[in-house]
Amino acid sequence: MALREEIDRRRTFAIISHPDAGKTTLTEKLLLFGGAIHVAGAVKSNKIKRGATSDFMEIERQRGISVATSVMGFDYKGTKINILDTPGHEDFAEDTYRTLTAVDSVIIVIDGAKGVETQTRKLMEVCRMRKTPVMVFINKMDRPSKDPFDLLDEVESELKIRVRPLAFPVSNGPTFKGVYNLYENNLSLFLTENRQTADGETIDITLDDARLDDYISPFTARLKEDLELVEGVYDTFERDAYLRGELAPVFFGSAINNFGVRELLDCFIKIAPSPRPSTTEQREVDPYEEKLTGFVFKIHANMDPNHRDRIAFLKICSGTFERNKPYLHVRSGKNMKFSSPTAFMAEKKSIVDEAFPGDIVGLHDTGNFKIGDTFTEGEKLRFTGIPSFSPELFRYIENASPEKFKQLSKGIDQLMDEGVAQLFTSRLNGRKIIGTVGALQFEVIQYRLEHEYNAMCKYEPIQIHKACWIESDNAEQLADFMKRKHANMAIDKHGRDVFLADTSYGLSLAQEKFPDIRFHFTSEF
């Protein structure tokens with residue numbers, strides 16, 4: 001198949017939401033309908049033995065939440081779909097923000113009873129900033145939910161985007177009957193008690209079909225009224241407005257019961273964008289270019305704890321990636337070739353011989369790569385928009401088991417490369433400080449150090465308000481600042497100077513007194 005055809009048949013997207021909106025369940029059902037798995041697993045780890053495909057880390061199974069982005073690829077009706085299932089919990093938001101740099105579109109999942117929640121608003125801001133096309137799936141309609149029109153108004157006002165329903169629910173809660181598909185103009189009813197498989201019988205009925213009453217009575221008249229209102233109130237669906245990130249198609253359903261999932265998937269492959277151009281500091285990269293370019297947006301240590309392997313996730317932006325072909329690792333200036341690049345199905349990996357724009361390839365990493373690294377066929381490019389945010393919470397990290405010093409050191413080193421947290425070394429006393437965006441990250445680090453590296457750590461409190469990366473063209477002022485603020489200075493994992501301000505007042509005073517110093521709150525500058 002020619003390069004252009006391969007690119008045009010790819011859809012790479014992330015599923016994002018507030019915790020517990022049903023994001024991982026929806027991912028499972030998309031995999032189910034796509035034929036990638038045959039039985040869906042529930043996410044609540046304590047209820048069902050089989051875990052969700054995308055939650056493969058031990059700590060995820062124990063807590064029933066996603067703590068790392070996972071990648072899954074499968075073919076559906078001739079389309080190659082790459083799903084990135086992201087953590088919903090705000091303590092892991094940084095992983096999600098970085099993942100959004102590697103996708104061409106997004107599906108936002110919203111709980112029908114709770115409506116739009118805080119984390120959803122934040123994630124929408126990132127999508128708006130990047131002009132990423134967004135679809136909305138309003139989930140859990142099998143439970144008592146808000147009125148569909150109220151939900152549509154809420155999405156419009158809270159996420160600040162025009163909406164157009166392309167599916168509409170027939171009732172909700174215990175009387176929920178199914179979803180009318182406005183894109184295809186038919187009613188799809190899923191007639192099976194077994195909700196863990198996709199082979200239930202579906203019946204497609206149009207609004208003027210005499211049998212409609214048999215299936216959705218007593219809600220027939222109400223559905224017809226609702227659909228008339230939809231057509232009267234909302235603009236017709238324009239794909240171009242959706243692709244510009246100005247209009248969000250909205251689907252209703254119940255992922256756990258398979259309602260509305262096939263409608264979402266069928267419509268998605270028709271309207272969602274294929275790989276789009278990417279921005280580098282030097283120029284815009286078009287996916288149809290012959291030569292390979294790609295960047296690392298995520299590193300995951302210990303995907304297979306038995307082999308202590310690290311995998312770098314490479315997003316292909318242009319050209320064809322070929323196994324055993326040398327590529328330039330721009331930061332180091334070295335040519336590298338990969339004998340066993342992998343494609344993903346969560347933690348299941350298979351070796352790939354070639355990959356195309358939109359695909360995510362796993363590269364085995366012995367510690368050479370970091371987030372943001374670029375690979376090309378010789379051109380020196382640097383992709384932009386891969387942020388590392390200033391942490392909000394800080395603690396000293398200490399070795400709790402002196403004979404395991406090496407294991408702890410290696411564990412911290414590798415986990416920090418993943419970008420889950422940031423490591424600073426105090427210039428005053430050489431102590432190691434961990435900075436995270438959420439408190440739960442400290443638990444995850446402690447758990448993973450113990451279970452993956454056989455190392456024990458303990459934390460001690462430290463008073464830090466903000467970490468700022470500093471730089472200046474005024475060498476004298478910079479040296480004076482470093483001398484005066486010696487007790488607050490640290491270096492990050494990459495050897496850059498960081499000012500650890502202990503209070504907001506101390507930070508604004510420093511900014512005022514040293515006007516030639518630039519204080520950065522993300523490490524991408």
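Of all residue pairs spaced 6 or more apart or on separate chains, those with beta-carbon atoms under 6 Å, a first member in the stretch 449-460 that is more than 11 Å from I412 (Cα to Cα) and a second member that is open to solvent by 50 Å² or more (accessible area, probe 1.4 Å) and among the polar types (S, T, N, Q) are N454/Q407. Within the stretch 431-452, the set of residues being over 24 Å from the mean Cα position of the chain (by Cα) and open to solvent by 10 Å² or more (accessible area, probe 1.4 Å) comprises R431, K432, E450, H451. The strands (runs of 3 or more DSSP E) found entirely in the stretch 428-525 that carry 1 or more residues being farther than 30 Å from T280 by Cβ and of a type outside the set (D, E) are 432-436, 457-461, 489-492, 497-501.
Among the residues making up the stretch 123-140, those that are part of a strand (DSSP E or B) and not β-branched (V, I, T) are M135, F137, N139. Filtered by the rule that a residue be out of contact with any Ser or Thr (no Cβ under 8 Å at 6 or more places or on another chain), among the small types (G, A, S) and either without any contact (Cβ under 8 Å) to a residue 40 or more places away in the chain or closer than 12 Å to F137 by Cα (or both), the stretch 153-174 gives S157, A167. Within the stretch 265-278, is there a residue that is open to solvent by less than 70 Å² (accessible area, probe 1.4 Å), touching a helix residue (DSSP H, G or I) at 6+ places or on another chain (Cβ under 7 Å), over 30 Å from D373 (Cα atoms) and small (G, A, S)? Checked against the condition, which is being open to solvent by less than 70 Å² (accessible area, probe 1.4 Å), touching a helix residue (DSSP H, G or I) at 6+ places or on another chain (Cβ under 7 Å), over 30 Å from D373 (Cα atoms) and small (G, A, S), the stretch 265-278 yields no hits at all. Applying the criterion of being assigned to a helix (DSSP H, G or I) and not β-branched (V, I, T) to the residues of the stretch 113-122, the residue that is surrounded by the fewest Cβ atoms within 10 Å (Cβ to Cβ) is R121.
Within the stretch 350-382, if we keep just the residues that are assigned to a strand (DSSP E or B), at pLDDT 85 or above and in contact with an Asp or Glu (Cβ under 9 Å, 6 or more places away or on another chain), the residue that is farthest from S339 (Cα to Cα) turns out to be A355. Apart from one condition, N335 fits all of (1) in contact with a His (Cβ under 9 Å, 6 or more places away or on another chain); (2) open to solvent by 40 Å² or more (accessible area, probe 1.4 Å); (3) touching a residue at least 24 places away in the same chain (Cβ under 8 Å); the exception is (3). When you check Y288 against the structure, is it hydroxyl-bearing (S, T, Y) and either out of contact with any strand residue (DSSP E or B) (no Cβ under 8 Å at 6 or more places or on another chain) or open to solvent by less than 10 Å² (accessible area, probe 1.4 Å) (or both), yes or no? So Y288 fails the test. Count of the stretch 123-133 residues, restricted to those that are at pLDDT 95 or above and surrounded by fewer than 23 Cβ atoms within 10 Å (Cβ to Cβ), is 0.
Rundown of residues vs (1) open to solvent by 70 Å² or more (accessible area, probe 1.4 Å); (2) in contact with a helix residue (DSSP H, G or I) (Cβ under 6 Å, 6 or more places away or on another chain); (3) under 27 Å from K334 (Cα atoms), yes/no style:
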position: D353; (1), (2), (3): yes, no, yes
position: F356; (1), (2), (3): no, yes, yes
position: T366; (1), (2), (3): yes, no, yes
position: F369; (1), (2), (3): no, no, yes
position: R382; (1), (2), (3): yes, no, yes
position: E392; (1), (2), (3): yes, no, no
position: M416; (1), (2), (3): no, no, yes
position: N429; (1), (2), (3): yes, no, no
position: K458; (1), (2), (3): yes, no, no
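Just name the residue that is nearest to D417 (Cα to Cα) out of those in the stretch 460-497 that are of a type in the set (S, T, N, Q) and open to solvent by less than 80 Å² (accessible area, probe 1.4 Å). Among those that are of a type in the set (S, T, N, Q) and open to solvent by less than 80 Å² (accessible area, probe 1.4 Å), it is N488. With respect to the conditions (1) in a loop (DSSP other than H, G, I, E, B); (2) open to solvent by less than 50 Å² (accessible area, probe 1.4 Å); (3) modelled with pLDDT of 90 or more, R143 falls short on a single one, namely (2). Listed by position, the helices (runs of 4 or more DSSP H) enclosed by the stretch 1-100 that each have at least 2 residues that are at pLDDT below 60 are 58-63. Determine which member of the set F321, F295 is over 22 Å from the mean Cα position of the chain (by Cα), surrounded by 23 or more Cβ atoms within 10 Å (Cβ to Cβ) and touching a residue at least 12 places away in the same chain (Cβ under 8 Å). Testing whether each residue is over 22 Å from the mean Cα position of the chain (by Cα), surrounded by 23 or more Cβ atoms within 10 Å (Cβ to Cβ) and touching a residue at least 12 places away in the same chain (Cβ under 8 Å) leaves just F321.
The values are calculated or read from the model by the stated rules, or taken from the named source; none is laboratory data. This one's a predicted model, so the numbers in the text were calculated from it and none came from an experiment. All Cβ positions, glycine included, derive from the backbone under ideal geometry; neighbour counts span all protein chains shown. Note: areas computed on protein heavy atoms with side chains; ligands, DNA, RNA excluded. Shrake-Rupley method; radii C 1.70, N 1.55, O 1.52, S 1.80 Å.
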